Amino acid sequence: MFKTMFFLYRRLGTTFDEFQRYSKDVHVPMVAAVPGVERYVVNHAIANPAGNAAACDAVAELWFRSEQDFQAALVSPEGVAVLGDQANYLDLERTHVLIMDEAEII
């Protein structure tokens, strides 16, 4: 499997509640419709105990069968729409993606 993790930061001027609502009601259904996504998990932050100002607001995890499937998803009409929607609620200067090598321990 090919796994990506998106570290999501809300757009300036957007409250955390607005961010979560937009994510859950608009963006998540769009991502779920992207072809080739094998698994999709969104982790919305519910607490920031240390008060770290650099902490992200959510982490999205997406799995694909291969890197080729991931690349194809990005250029599909659904993938293009998802990428275009990010600016509606994300701080694109801070939001970033990492390609992961997942090692399941337990």
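What to note about this one:
- Taken over the stretch 86-97, the residue count meeting the criterion of being part of a strand (DSSP E or B) and in contact with a Lys or Arg (Cβ under 9 Å, 6 or more places away or on another chain) is 1.
- Condition met for Ala58 (among the small types (Gly, Ala, Ser), under 18 Å from Tyr22 (Cα atoms), surrounded by fewer than 15 Cβ atoms within 10 Å (Cβ to Cβ) and touching a residue at least 40 places away in the same chain (Cβ under 8 Å)): no
- Failed condition for Ala81, given (1) among the aliphatic types (A, V, I, L, M); (2) part of a helix (DSSP H, G or I); (3) in contact with a helix residue (DSSP H, G or I) (Cβ under 7 Å, 6 or more places away or on another chain); (4) surrounded by 15 or more Cβ atoms within 10 Å (Cβ to Cβ): (4)
- Scanning the stretch 10-25 for residues that are touching a residue at least 40 places away in the same chain (Cβ under 8 Å), over 19 Å from Ala47 (Cβ atoms) and not basic (Lys, Arg) returns Leu12, Tyr22.
- In the stretch 36-51, of all residues being more than 16 Å from Phe19 (Cα to Cα) and in a strand (DSSP E or B), the one that is farthest from the chain's Cα centre (by Cα) corresponds to Arg39.
- The stretch 8-55, subset in contact with a Ser or Thr (Cβ under 6 Å, 6 or more places away or on another chain) and under 19 Å from Arg94 (Cβ atoms), residue surrounded by the fewest Cβ atoms within 10 Å (Cβ to Cβ): Tyr9
FYI, it's all coordinate maths here, none of it is from the lab. Small disclaimer: the values here were computed from a predicted structure and weren't measured. Positions of Cβ are backbone-derived with ideal geometry, glycine not excepted, and every protein chain shown enters the neighbour counts.
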